[in-house]
Amino acid sequence: MAQRTVTIASSVGLHARPASLFVEAAAATGLDVEIGRAGDDLVDATSILGVMALGAKFGEEVVLSADGDGADEALETLVALLSRDLDAE
Amino acid sequence: MSIINDSQVILDLTGADRHAATRALAERLVATGRCTDLDAFIEDVRLREEKMATGLPGGIGIPHARSAAITEPSLVFGRSAEGIDWGAKDGPATLVFLIAAPEQGGDAHMQMLPKLARALMKSEFKEALAAATTEAEVVAIVSAEVALDQAPAAAPVATPATTARSLKLVGVTSCPTGIAHTYMAAESLERAAKAAGHTMIVETQGSAGSSPLDPAVIASADAVIFAHDLEVKDKGRFAGKPTIDVGVKKGISDGPALVAAAADLVKAWEADPSLAAKAAPAAASGGLTTKVEADVHLGIKIRQWLMTGVSYMIPFVAAGGILIALSFMFAQMALGEQGAIEIVKYGLTAEGEYNVVQNFSVTSLTQWAALFFVIGAASFGFLVPILSAFIAFAIADRPGLVPGLVGGSIAVTMGAGFLGGIVTGFIGGFAAKWISSWKVAKGVRGVMPVVVIPLLSTLLTAGLFITVIGRPITSLSEGLTNGLNSMSGGSAILLGAVLGAMMGFDLGGPVNKVAYSFAVAGLGTAGAATDSAELKIMAAVMAAGMVAPLAMALSTTLRPKLFTEPERENGKAAWLLGASFISEGAIPFAAADPVRIIVSSVVGSSVTGALAMAFGTTLRAPHGGIWVLPLIGNFLLFLVALAAGVIVMATIVIALKSREPKVEAAPMMASA
């Protein structure tokens, strides 16, 4: 089980558009990816509603976790994604 | 303000594509005043949408944008049965949430989106929205899940520098009858102030007396709001503060606007010290005259003075009228047909058997009738003097009482009736006010209120009346009474219709009050006959005033679907309010849908007024509705006349409301 922590870089947080991009990317890994705040239950990262419901703000730290072959590389991609300001793109 | 309301709900959203549907949703924000530029906002939403479609799996669409054209965080909900393509992979959207946030609105939409997302994860939420039948239901369902945590930033876009400061406000509300509008306005102002982040305490000067505000509270207040139809009692307490002065109806319907105006006035005073300086002398002089009055329309002042007099007079009419009516009832039971005529011969100092003091016996119905009559007549004797005294009081405060009371008493003795009383009230008030404003030596100032003002003002008022004005007024008054009494068939019905229409026109407002005061004043001159014109007028007026609330109660019972949930609740209360002749019970409906309700109210009430006059129903009590039914002459026909008008109005209301479904309610709500 691989885990990474990343700080949200999208200027207005992990809302609709950044969230959709993230969810797409998470689904593309083909693995079970989860996301959430440290200490809280993690939610399915491929559910757009679940990710949006987190309401993760700019500058907040979230935890990503993935299981299976290539989990580390998958998380690397996702971390890189969340570290970009998706809102500005 | 909440992010969603009834007007921001479309239960059957349609559109060729998502952009057309978004436009339909955005138009609601224009109607509720939250979008200042429809095209700019739609463009902002479209830009967002083109970067990435906002359709979500599960048939959801969440078009959204931050926009300079939006004044406050808002949500518009639209439901489409067939669904509209919103770019989601699994199908079209059936539930659409348009989220709009102001450009500099902080993180409002970052609160709305996650909360909405969380709600959408619950199937009950989506099912409830799919099944909702009214806008109010949708508002409730959405608000329960998606509400902003902190109160949104204060004023709309017009004032860039928002007043974050919380103000202390005080106010006074009053209305002539003192039972409804006074308290409704107080509640509306207090709620509006709270919503805007201020504190407000209102002194209600209603008929239940008033508990005055603590002077310390007034002293520390930043601004004052008067929403009143009667002259404010002890106005001097509030002198020297920024003051907003309007009628009581504005207090009910425009609470938030008045609070905002008060806040603006506070800022204006802080910016310009000369405003405060102008008001200060008034505070120093004890507040008899303040420049604040000069700003208000003279016509409104006259109405306020008159209504103050009427409001003090009404309890006398109530006590006296009911007692006299009861006495006539007993007299007819005891003495037969001529009972009423006989009973007026009884008195406290009459001769022989007619002397109540000497002959009273608990077992004699006649004596009871006589007792009631004597007391009632005594109460009635005060009508004109009290009316006159308190008109003068409204104009000049305490100094007006003496010339008003004495003048009014003289008007009665001369037979000048109510017209005379109104004249002496105004003369007395102005005389007292003028004499009070004289500059006098310091030694004399002390005895002004006790000796000089009463002496001179009374001499002036009564003197003028007796020598000059009294006789013409007396003839006028007699002419009016004779005219009313000789009025026959056709013109009586017309009068009934006109008075009825006036009663139904503004439900407790000025026009209604004029018709009502006319009827009540007439009771004083009604005489002993049981079918005087004045009694018929009173019956017609009261019946007409009961129509609107009863008709609304009936309408909400027959066709609940045409009304919102709060209206249905008000409908239940309206049964009792209508039965008690409290026309104000129909106000919530008129506020939500003014044109339809008022039109139907005028028609229904004039029907009742005309029928009541035609049937010759009579009433000697000035109020009471159903509760004074036993005192009404021809009460079965009274009920028939009442029922007719109620049915007519309810029919019209239902017909009008059925033609145009609630979509039309949106512009009405926005302006309410």
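The values are calculated or read from the model by the stated rules, or taken from the named source; none is laboratory data. If you're wondering where the values come from, they're calculated on a predicted model, not measured in any experiment. In this analysis, Cβ positions are derived from the backbone assuming ideal geometry, glycine residues included, and neighbour counts consider all displayed protein chains.
When residue B:69 is tested against the conditions (1) crowded, with 17+ Cβ neighbours inside 10 Å; (2) within 26 Å of residue B:140 (Cα to Cα); (3) at pLDDT below 90; (4) of a type in the set (Gly, Ala, Ser), the lone failure is (2).
Residues checked against (1) in contact with a Pro (Cβ under 7 Å, 6 or more places away or on another chain); (2) of a type in the set (Val, Ile, Thr); (3) more than 30 Å from residue B:577 (Cβ to Cβ); (4) modelled with pLDDT of 85 or more:
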site: B:101; (1), (2), (3), (4): yes, no, yes, yes
site: B:114; (1), (2), (3), (4): no, no, yes, no
site: B:119; (1), (2), (3), (4): no, no, yes, yes
site: B:134; (1), (2), (3), (4): no, yes, no, yes
site: B:148; (1), (2), (3), (4): yes, no, yes, no
site: B:156; (1), (2), (3), (4): no, no, yes, no
site: B:160; (1), (2), (3), (4): no, no, yes, no
site: B:189; (1), (2), (3), (4): no, no, no, yes
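The set of residues in segment B:427-456 that are within 35 Å of the chain's Cα centre (by Cα) and within 20 Å of residue B:309 (Cα to Cα) comprises B:427, B:428, B:429, B:430, B:431, B:432, B:433, B:434. Residues in segment B:261-278 that are out of contact with any Ser or Thr (no Cβ under 9 Å at 6 or more places or on another chain) and either among the polar types (S, T, N, Q) or touching a residue at least 60 places away in the same chain (Cβ under 8 Å) (or both): B:274 only.
Among the listed residues B:93, B:100, B:26, B:81, identify the single one that is surrounded by fewer than 21 Cβ atoms within 10 Å (Cβ to Cβ), touching a residue at least 40 places away in the same chain (Cβ under 8 Å), closer than 24 Å to residue B:140 by Cα and not aromatic (Phe, Trp, Tyr). Matching residue, one of B:93, B:100, B:26, B:81: B:81. Tell me which residues, restricted to segment B:70-86, are in a loop (DSSP other than H, G, I, E, B) and either within 14 Å of chain A (Cβ to nearest Cβ) or within 38 Å of the chain's Cα centre (by Cα) (or both). B:71, B:72, B:73, B:86, listed by residue number.
Taking residue B:388 as the residue in question, decide whether it is in a helix (DSSP H, G or I) and farther than 22 Å from residue B:303 by Cβ. In short, no.
Listed by position, the helices (runs of 4 or more DSSP H) contained in segment B:548-628 that have at least 2 residues being more than 21 Å from the chain's Cα centre (by Cα), assigned by TED's automatic domain parsing to the domain that holds residue B:645 and not aliphatic (A, V, I, L, M) are B:594-615. Taking residue B:412, is it among the hydrophobic types (A, V, I, L, M, F, W, C), surrounded by fewer than 23 Cβ atoms within 10 Å (Cβ to Cβ) and touching a Gly at 6+ places or on another chain (Cβ under 8 Å)? Yes; evaluated as a whole, the condition is true for this residue.
State which residue is nearest to residue A:18 (Cα to Cα) when the search covers only segment B:29-69 and only residues that are more than 12 Å from every other protein chain (Cβ to nearest Cβ) and in contact with a Phe, Trp or Tyr (Cβ under 6 Å, 6 or more places away or on another chain). Filtering first and then ranking leaves B:67. Is it true that residue B:22 is touching a Gly at 6+ places or on another chain (Cβ under 8 Å) and away from chain A (no Cβ under 14 Å)? So residue B:22 fits the description; yes. Can you pull out every residue in segment B:379-391 that is among the hydrophobic types (A, V, I, L, M, F, W, C) and farther than 21 Å from residue B:332 by Cβ? If the condition is that a residue be among the hydrophobic types (A, V, I, L, M, F, W, C) and farther than 21 Å from residue B:332 by Cβ, then B:382, B:383, B:384, B:386, B:387, B:389, B:390, B:391 are the ones that fit.
Residue by residue, here is whether (1) modelled with pLDDT under 85; (2) in contact with a Gly (Cβ under 7 Å, 6 or more places away or on another chain); (3) aliphatic (A, V, I, L, M) holds:
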{"position": "B:557", "(1), (2), (3)": "no, yes, no"}
{"position": "B:567", "(1), (2), (3)": "yes, no, no"}
{"position": "B:581", "(1), (2), (3)": "no, yes, no"}
{"position": "B:593", "(1), (2), (3)": "yes, no, no"}
{"position": "B:606", "(1), (2), (3)": "no, yes, no"}
{"position": "B:613", "(1), (2), (3)": "no, yes, yes"}
{"position": "B:616", "(1), (2), (3)": "no, no, no"}
{"position": "B:622", "(1), (2), (3)": "yes, yes, no"}
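Just one of the listed residues (B:412, B:468, B:451, B:447) is aliphatic (A, V, I, L, M) and either touching a helix residue (DSSP H, G or I) at 6+ places or on another chain (Cβ under 7 Å) or in contact (Cβ under 8 Å) with a residue 60 or more places away in the chain (or both), namely B:412.
Scanning segment B:574-596 for residues that are farther than 23 Å from residue B:176 by Cα and crowded, with 19+ Cβ neighbours inside 10 Å yields B:592, B:593, B:596.
Set side by side, the residues B:508, B:522, B:545 differ, and just one is crowded, with 17+ Cβ neighbours inside 10 Å, under 27 Å from the mean Cα position of the chain (by Cα) and not in a helix (DSSP H, G or I), which is B:508.
Small (Gly, Ala, Ser), in contact with a strand residue (DSSP E or B) (Cβ under 9 Å, 6 or more places away or on another chain), farther than 30 Å from residue B:181 by Cα and buried (at least 20 other Cβ atoms within 10 Å of the Cβ): does that describe residue B:331? The answer is no for residue B:331. Within segment B:106-124, the set of residues being within 11 Å of chain A (Cβ to nearest Cβ), out of contact with any Leu (no Cβ under 7 Å at 6 or more places or on another chain) and surrounded by fewer than 22 Cβ atoms within 10 Å (Cβ to Cβ) comprises B:106, B:107, B:110, B:115, B:118, B:119, B:122.
For segment B:347-368, a residue qualifies if it is surrounded by 15 or more Cβ atoms within 10 Å (Cβ to Cβ) and among the hydroxyl-bearing types (Ser, Thr, Tyr), and the qualifying residues are B:354, B:366.
Do we find that residue B:93 is within 11 Å of chain A (Cβ to nearest Cβ), at pLDDT 85 or above and over 30 Å from residue B:567 (Cα atoms) in this structure? Spelling it out, it is not the case that residue B:93 is within 11 Å of chain A (Cβ to nearest Cβ), at pLDDT 85 or above and over 30 Å from residue B:567 (Cα atoms).
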